[in-house]
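Q: The structure under discussion is supplied below as structure tokens; questions concerning it will follow.
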Amino acid sequence: MADDLTIATGTKEEQYTLLTKQIAALIEGEDDTIANLANIAAALKEQFNFWWVGFYFVKQDQLVLGPFQGPIACTRIAYGRGVCGTAWKDQRTLIVDDVDRFPGHIACSSLSKSEIVVPIIKNGKCVAVLDIDSEHLAHFDQIDAKHLETIMDLIRFSN
């Protein structure tokens, strides 16, 4: 099934629309959350060539690194700390145009310049976050937020 994913062209909106359909088809019928998140990270990285794409799982009072694509990442992030921890705490998507200006930003890589973090909410509770970094300033916007939130809504947590 993974071979069926093709790089979409067109506007960012058009690319996300096609990619969302492809991801839905890719994860349909697969119950393993880790496998699905790994494929979602790969699909997003491949489509948009983001610097880093990955997931962090809520485990007690920390976010713990899950499937990702890109350079080595921070393994654990405290509740309310950095962009990921703040998105978890606030349970809302955060777009940061310049990570160096974000209070308490955790610099896993000095090459990361902007970031979007989308919390994954299940039964009213944040269970994980999607973290995407870019090496370009102000790379993310509301189009990214809208479509990434839609993709995160597709995920089922079974394990």
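The values are calculated or read from the model by the stated rules, or taken from the named source; none is laboratory data. Because the structure is a prediction, the values reported are computed rather than measured. Reconstructed Cβ throughout: ideal geometry from the backbone, glycine too, with neighbour counts over all protein chains shown. With ligands, DNA and RNA removed, areas are computed over all heavy atoms of the protein, side chains included. Shrake-Rupley method; radii C 1.70, N 1.55, O 1.52, S 1.80 Å.
Q: When only residues in segment 101-159 that are in contact with a Leu (Cβ under 9 Å, 6 or more places away or on another chain) and β-branched (Val, Ile, Thr) count, which is farthest from THR33 (Cα to Cα)?
A: Across segment 101-159, the extreme among qualifying residues is ILE116.
Q: Of (1) open to solvent by less than 40 Å² (accessible area, probe 1.4 Å); (2) touching a helix residue (DSSP H, G or I) at 6+ places or on another chain (Cβ under 6 Å); (3) free of Cβ contacts under 8 Å to residues at least 24 places away in the same chain, TYR79 satisfies all except one. Which?
A: (1)
Q: Could you run through segment 1-58 and say how many residues are modelled with pLDDT under 95, assigned to a loop (DSSP other than H, G, I, E, B) and open to solvent by less than 30 Å² (accessible area, probe 1.4 Å)?
A: 1
Q: Checking the conditions here, which among ASP61, ASP90 is more than 19 Å from HIS136 (Cα to Cα), at pLDDT 95 or above and either open to solvent by 30 Å² or more (accessible area, probe 1.4 Å) or not hydrophobic (A, V, I, L, M, F, W, C) (or both)? Walk me through it before giving the result.
A: Details: ASP61 fails: at pLDDT 95 or above.
None of the others qualify; the one that does is ASP90.
Q: Continuing with the same structure: Consider segment 95-132. How many of its residues are touching a helix residue (DSSP H, G or I) at 6+ places or on another chain (Cβ under 8 Å) and of a type in the set (D, E, K, R)?
A: Matching residues across segment 95-132 total 3.
Q: Taking interchain pairs and intrachain pairs at least six residues apart, which have beta carbon atoms under 6 angstrom, with the first residue in segment 111-124 and more than 22 Å from CYS74 (Cα to Cα) and the second assigned to a loop (DSSP other than H, G, I, E, B)?
A: LYS122/PHE157
Q: Does CYS84 satisfy the criteria of being open to solvent by less than 40 Å² (accessible area, probe 1.4 Å) and either of a type in the set (Lys, Arg) or out of contact with any helix residue (DSSP H, G or I) (no Cβ under 8 Å at 6 or more places or on another chain) (or both)?
A: Values: open to solvent by less than 40 Å² (accessible area, probe 1.4 Å): yes; either of a type in the set (Lys, Arg) or out of contact with any helix residue (DSSP H, G or I) (no Cβ under 8 Å at 6 or more places or on another chain) (or both): yes.
Against the criterion (open to solvent by less than 40 Å² (accessible area, probe 1.4 Å) and either of a type in the set (Lys, Arg) or out of contact with any helix residue (DSSP H, G or I) (no Cβ under 8 Å at 6 or more places or on another chain) (or both)), CYS84 qualifies.
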